[in-house]
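Q: Got a structure here, written out as structure tokens. Questions coming.
The values are calculated or read from the model by the stated rules, or taken from the named source; none is laboratory data. The structure displayed is predicted, hence computed values, not measured ones. With ideal geometry, Cβ positions are generated from the backbone for all residues, glycine too; neighbour counts draw on all protein chains shown. The protein model used for the area step is the full one, side chains on, heavy atoms only, and it has no ligands, DNA or RNA in it. Shrake-Rupley method; radii C 1.70, N 1.55, O 1.52, S 1.80 Å.
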Amino acid sequence: MSLLIRSSYVSQFHTRNSKPSSSSDQIPSKSLLFSSFNHNPLINLVYKRNPRMQSLSFSSSTTVKSSLIDPDGGELVELVVPKSEIELKKKEADSMPMVKLTKIDMEWVHVISEGWASPLKGFMREDEYLQSLHFNSLRLKDGSLVNMSLPIVLAIDDQTKEQIGVSKNVALVSPQGDIVGSLRSVEIYKHNKEERIARTWGTTSPGLPYVEEHITPSGNWLIGGDLEVFQAIKYNDGLDHYRLSPKQLRKEFDNRKADAVFAFQLRNPVHNGHALLMNDTRKRLLEMGYKNPVLLLHPLGGFTKADDVPLDVRMEQHSKVLEDGVLDPETTIVSIFPSPMHYAGPTEVQWHAKARINAGANFYIVGRDPAGMGHPTEKRDLYDPDHGKKVLSMAPGLEKLNILPFRVAAYDTVEKKMAFFDPTRAKEFLFISGTKMRTYARTGESPPDGFMCPSGWNVLVKYYESLQESDDSSKQQQTVVSA
């Protein structure tokens, strides 16, 4: 896995919220900031995009807080109705045409309502949809650009469209039948699924998980409008305490007095290679002069494909990693990112990075083939594994997020631990993919010593054992029925 953190410091150091500080808290000099990473192959690209970086001067009175990075659009969007207005809003919604939401639709309601997609204030209208689909960004009224690489849209069928008619507002109904919010000043437009799929994934091959789960069975129309949510989205699955909103995360970073926040997204269990990379990131930030870098370990909590490890199992495994001291609980915040997973590679990784800006992270770690998957019909990767990091270095609207390169981590068969890959000893390194890791656990085969903390590995083994027991039980029941 190759990791990056973006190396553009302009927005981070020049913000209206900076405050005077003592000399001991000053920002490290520009030479120190870049000297440790002068091998960065992308630095020229960053300079070309932001020539001011070459002549930055840092005031001795400037300091950095994690929350100092402004959310996209300058203000964090929060769309949960105040308690004093809930009854009135619900009463109004009772008389509106109803739009039934799927589970994934509800995940997007969660995402939009908490501000992860700021400055987006609802499901996209057509002009926003077209900008996102074709430009991976939105142009704001002041002329500035924000990144928006994934269309965040709500599909409806012909019958629902007919029921809405000329109504300007609609009520949103959860899969359980509860009215959870409304869309106001709505706009309905055509849902060209083929174009959406082709431009988002770069292919229309069958077998794309999000497409088959959510887009193919959806309606032929999209409805956009301003979102209002009547209460914060909860799942009541025992994990809601992990679901911190961008506002809550920013407050927690400030409570911990973080002067740098580096976010790491994953949808797999944490192995020691991940930990090596995250711990090395913190070490490098300390060497650069930061006093208290904090890690945001941010597993994706929305839709994932069927063979991915379920969220509850991953969260239990992550807790073991902290309990065993593989990651330091004092400098690590574990939280769930509520977005569904697209597996759309370089297009999707921009969304993952953008959402962390809104959460207050000023550094973002991105791995090899981020948000990628195997080609659904051919025996190859769907995306070039290096394109995700290259795209992030050039993506419009992500200039204020900091990225720097890291080396590949793999299992060192001589030292019997995860280590940075040494090409002069290439034959002595073993690359264990997420798929291979899951295969180990599924078949009961132990991974090499030092690959993952034992208690974390036991969580995975127990999960796959439970699947096997369930399969065996189902087969026995089928046998009895047949007899």
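Q: Work out, step by step, the length gained on full extension between Leu88 and Ala232: first 0.36 nm times the residue separation, then minus their alpha carbon distance; give nm to one decimal.
A: 50.2 nm
Q: List the trypsin sites (Lys or Arg not before Pro) in region 356-454 that DSSP assigns to loop (not H, G, I, E or B) and whose Cβ has at most 13 other Cβ atoms within 10 Å. Which are they?
A: Lys379, Arg380, Lys416
Q: Counting other Cβ atoms within 10 Å of each Cβ, which GluC sites (Glu not before Pro) in region 346-418 have at most 13 and sit in a DSSP loop?
A: Listed in order of number, the matching sites are Glu378, Glu415.
Q: Taking a probe of 1.4 Å, how large is the accessible area per residue of region 286-372, in Å²?
A: Heavy-atom accessible area per residue stands at 23 Å².
Q: Of the options Tyr290, Pro329, Leu311, report the single residue whose Cα projects farthest towards the positive end of the charge dipole of region 275-337 (beta-carbon charges: Lys, Arg +1; Asp, Glu -1).
A: Tyr290
Q: In addition: Write out the chymotrypsin sites (Phe, Trp or Tyr not before Pro) in region 228-261 meeting two conditions: DSSP loop, and at most 15 other Cβ atoms within 10 Å of their Cβ.
A: Tyr235
Q: Compute the signed sum of charges (Lys and Arg +1, Asp and Glu -1) over the other residues within less than 13 Å, Cβ to Cβ, of Lys89.
A: Summing Lys and Arg as +1 and Asp and Glu as -1 gives -2.
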